[in-house]
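Here the structure comes first, spelled out in structure tokens, and everything after it is commentary.
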Amino acid sequence: MGTGLAQLEAAQLQEEGYFAGTSAGIAKNNPYNLTDTSGNLLSFSKLEEGLAAGDQYLKNAIAGINKNYTPGESLGEFESTYTGDDPNAPSNLAKILQTNTSTPVSAYSTGPGLTAAQVASASSASTSPTFKDLLNGITGYALGGPSGAAVGAATGKPINFLGISISVVDVVAVLAGLVLLAGAVFGFRNLTTTVITGVKKGAELGAMTA
């Protein structure tokens with residue numbers, strides 16, 4: 001999603017959990033989880049405002065204009081300050097950027113920041129479950145119910161369907177319910193065995209084609 005500042009911003013959004021749908025700032029149009037001096041999440045009227053605020057915050061941090069940051073500091077030092085000394089965040093951010101924590105954060109100071117269209121596109125792509133996700137989830141549901149579906153799908157990413165945010169587990173539950181309903185209507189013998197065997201075969205086929 002670009003280089004320079006845009007690359008850093010995309011990595012920061014990923015680290016904050018925005019693309020995975022787990023960021024606390026999503027409901028407040030605050031993708032960077034910016035806070036006030038008391039540590040409370042800031043709220044913006046629209047996404048573009050939140051992105052602009054984050055863009056300016058990162059620019060000021062990199063330049064050392066923000067008093068909490070020092071000009072010339074490393075990516076690791078920058079991220080440690082940004083997250084309030086989260087011990088895992090620096091290495092996570094460096095991994096996303098495919099670099100190391102000693103890289104100067106100034107290496108990402110050039111170019112324009114992310115646009116709302118780029119963020120929306122990346123968010124949509126990252127929250128769409130794959131066919132393999134659903135097959136694995138159905139297998140898990142058959143074996144262990146909703147909790148099994150969550151483990152089987154190995155994802156908690158929400159899906160935006162007609163403006164309603166639903167989870168992969170919800171989709172799995174509906175699909176598994178349809179299978180069970182069909183079994184009841186058509187009188188499958190040994191329904192549990194039939195369902196489990198069927199979804200296992202489907203998962204195997206899905207894994208071969210993934």
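What follows is calculated from the coordinates using simple rules that are stated; it is not laboratory data. Every value quoted in this text rests on a predicted model; they were computed, and no experiment measured them. Counting neighbours? That spans all protein chains shown, and the Cβs are built from the backbone with ideal geometry, glycine included.
Near A11, within a Cβ-to-Cβ distance under 13 Å, what is the net charge of the other residues, with Lys and Arg +1 and Asp and Glu -1?
-3
Before anything else, pin down the relative contact order of the range 58-108: Cα pairs under 8 Å, at least 6 apart, normalised by residue count, whole percent.
35
Let's test the formula: R0 of 41 Å, r as the Cβ-Cβ distance of S38 and A116. What FRET efficiency results, to the nearest 0.05?
Values: r = 28 Å, r/R0 = 0.68.
Approximately 0.90, to the nearest 0.05.
State the dimensionless ratio Rg/Rh of the range 34-114 (Rg: radius of gyration of Cα atoms; Rh: Kirkwood radius).
Rg/Rh: 0.96.
Suppose every K and R has +1 on its Cβ and every D and E has -1 on its Cβ; what is the size of the dipole of the range 5-124 about the Cα centre, in Debye to the nearest 20?
That gives a dipole near 160 debye.
Kindly rank 74-82, 21-29 from highest to lowest mean number of other beta carbons found within 10 Å of each residue.
Top of the packing list down: 74-82, 21-29.
Want the number for D86 to K67: 0.36 nm per residue separation, take away the alpha-carbon distance, what's left?
Extra length from D86 to K67 when fully extended: 4.9 nm.
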